[in-house]
1. On the accessible surface of region 61-200, probed at 1.4 Å, how many percent belong to carbon and sulfur atoms?
2. Students often get this wrong, so check it: of 126/154; 22/154; 42/154; 21/94; 72/94; 21/70, which have C-alpha atoms separated by over 20 Å?
3. Rank 150, 172, 137 by how far each Cα sits towards the positive end of the charge dipole of region 127-200 (+1 on Lys, Arg Cβ; -1 on Asp, Glu Cβ) and give me just the farthest.
4. Counting only the backbone N, which residues of region 6-29 are under 13 Å from the spot 7 Å out from the Cα of residue 95 toward its beta-carbon?
5. Per residue, what accessible area does region 34-99 have, given a 1.4 Å probe and all protein chains present, in Å²?
6. For residue 158, what charge total do you get from the other residues with a beta carbon under 14 Å from its beta carbon, if Lys and Arg give +1 and Asp and Glu give -1?
7. Longest span of the chain, sites excluded, free of GluC sites (Glu not before Pro) in DSSP loop with at most 16 other C-beta atoms within 10 Å?
8. Check the straight Cα-Cα distances from residue 84 and name the aspartates and glutamates below 13 Å, setting aside those fewer than 8 residues away within the same chain.
Amino acid sequence: MFSPNGQACQDAFVLHVLKFKKNGYFLEIGANDAREISNTYKLETEYGWTGLMVDCESCYEESYKQYRPKSKYAIADGTKLDYKSLFETYDFPKNLDYLQIDLEVSNESTINTLVHVDNTLFDTYKFATVTFETDIYRGDFHNTRARSRAIFEKRGYVRVFSDVKGTDSENAFEDWYVHPDLVDMTYVAKIRREESLEVK
């Protein structure tokens, strides 16, 4: 039985929607530590996934080297990184399996990163699943929740869970999406809900 490692079981969401896919691909923006409450650690170590981890903090670099040998990483500003060039360099497929954006809503880096990805990557690449941090419980910084929802809707993504609450908190902080071209929407219809999702 799979034991989630993500803060709010994001990795379990991804795996269930993708039917426990092996050898998938991810883009993790705001990767933080390579193992601690990482949404992609078990995807890589238990299911053979690879991907690109992005974080602006160089203190995490050694953990990426030590614990995430299958994946690439960039110590860089997620709002400005040339993702498309890196994807081409690493020969990533046009249809990827998971996108995480988890930065800082208060300084606008979260929504600015999504806008950058929308402008430079979404025309060419699709992601089967997405977890996007809004941190709406902290306040509506830069209208991040509404702006992000509009972008994902424009790009054809379907919001499966809104205002997800973590296992260790009652505060709503994320929206989770799928792209209907890349997942089993019959399954998604069974789990989708309108009200906030509280992960236990």
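1. Details: 2870 of 6740 Å².
Carbon and sulfur: 43 percent of the exposed surface of region 61-200.
2. Values: 126/154 13 Å; 22/154 29 Å; 42/154 31 Å; 21/94 17 Å; 72/94 17 Å; 21/70 16 Å.
Over 20 Å Cα-Cα: 22/154; 42/154.
3. 150
4. 18, 25
5. 50 Å²
6. Numbers: positive: 126, 149, 154, 155, 159, 190, 192, 193; negative: 153, 175, 181, 184, 194.
Within the 14 Å Cβ shell, the charges total +3.
7. Values: sites that count: 36, 57, 104, 108, 170, 194, 195.
Excluding the exposed sites themselves, the longest stretch runs over 109-169.
8. The qualifying aspartates and glutamates are 118, 123.
The values are calculated or read from the model by the stated rules, or taken from the named source; none is laboratory data. What you see is a predicted model, and the numbers here were worked out from it, not measured in a lab. For neighbour counting, all protein chains shown are included, and Cβ atoms are generated from backbone atoms with ideal geometry for every residue, glycine included. Heavy atoms of the whole protein, side chains included, go into the accessibility calculation; ligands, DNA and RNA do not. Shrake-Rupley method; radii C 1.70, N 1.55, O 1.52, S 1.80 Å.
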